[in-house]
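In what follows, a structure is listed as structure tokens, so that the remarks can point back to it.
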Amino acid sequence: VQLQAFGGGLVQAGGYLRLSCVASGRTLSSYKMGWFRQAPGKEREFVAAISRSGGDTYYADSVKGRFTISRDNAKNTVYLQMNSLKPEDTAVYYCAADRGYSDSYYYTRVYDYWGQGTQVTVSS
């Protein structure tokens, strides 16, 4: 499966963005999906994940209550709605797909496919 993430940009603190990740090559419903981010000089970190059906979602503590992950399998798209953005949310955001059936969602090694990343910059 090929993943393409877009929707990033420059926004002021307190603002919002919605990221989209479009899959091609295989139906998205075959994969658990995740969003990760990587700031300059830092390791890639988990942001959010969603089960195949969309019935279960998981969030990093740093974004809980501000970000919402969702999916539309009919459109082969996963979304990340980001509200109340903070300067510390500045990073390149990546979507990822996991073809496995483990309960893990937090670790980058779980995911098999990655999108190219989209830059999110939050100014103070």
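The values are calculated or read from the model by the stated rules, or taken from the named source; none is laboratory data. This one's a predicted model, so the numbers in the text were calculated from it and none came from an experiment. As a convention, Cβ positions derive from the backbone with ideal geometry for all residues, glycine included, and neighbour counts pool all protein chains shown. Side chains are part of the model used for accessible areas, which takes the heavy atoms of the whole protein and leaves out ligands, DNA and RNA. Shrake-Rupley method; radii C 1.70, N 1.55, O 1.52, S 1.80 Å.
Observations on the model:
- Selection count where residues are open to solvent by 60 Å² or more (accessible area, probe 1.4 Å) and in a loop (DSSP other than H, G, I, E, B), scope segment 65-82: 1
- Residues in segment 11-27 that are part of a strand (DSSP E or B), under 22 Å from residue 116 (Cβ atoms) and open to solvent by 70 Å² or more (accessible area, probe 1.4 Å): 18 alone.
- Checklist (1) modelled with pLDDT of 95 or more; (2) polar (S, T, N, Q); (3) out of contact with any Ser or Thr (no Cβ under 6 Å at 6 or more places or on another chain) applied to residue 77, failing item: (3)
- Looking across segment 28-64 at every residue that is charged (D, E, K, R) and in a loop (DSSP other than H, G, I, E, B), the one that is surrounded by the fewest Cβ atoms within 10 Å (Cβ to Cβ) is identified as 61.
- Hits in segment 89-109 - residues which are more than 17 Å from residue 19 (Cα to Cα) and either in a loop (DSSP other than H, G, I, E, B) or without any contact (Cβ under 8 Å) to a residue 24 or more places away in the chain (or both): 99, 100, 101, 102, 103, 104, 105, 106, 107, 109
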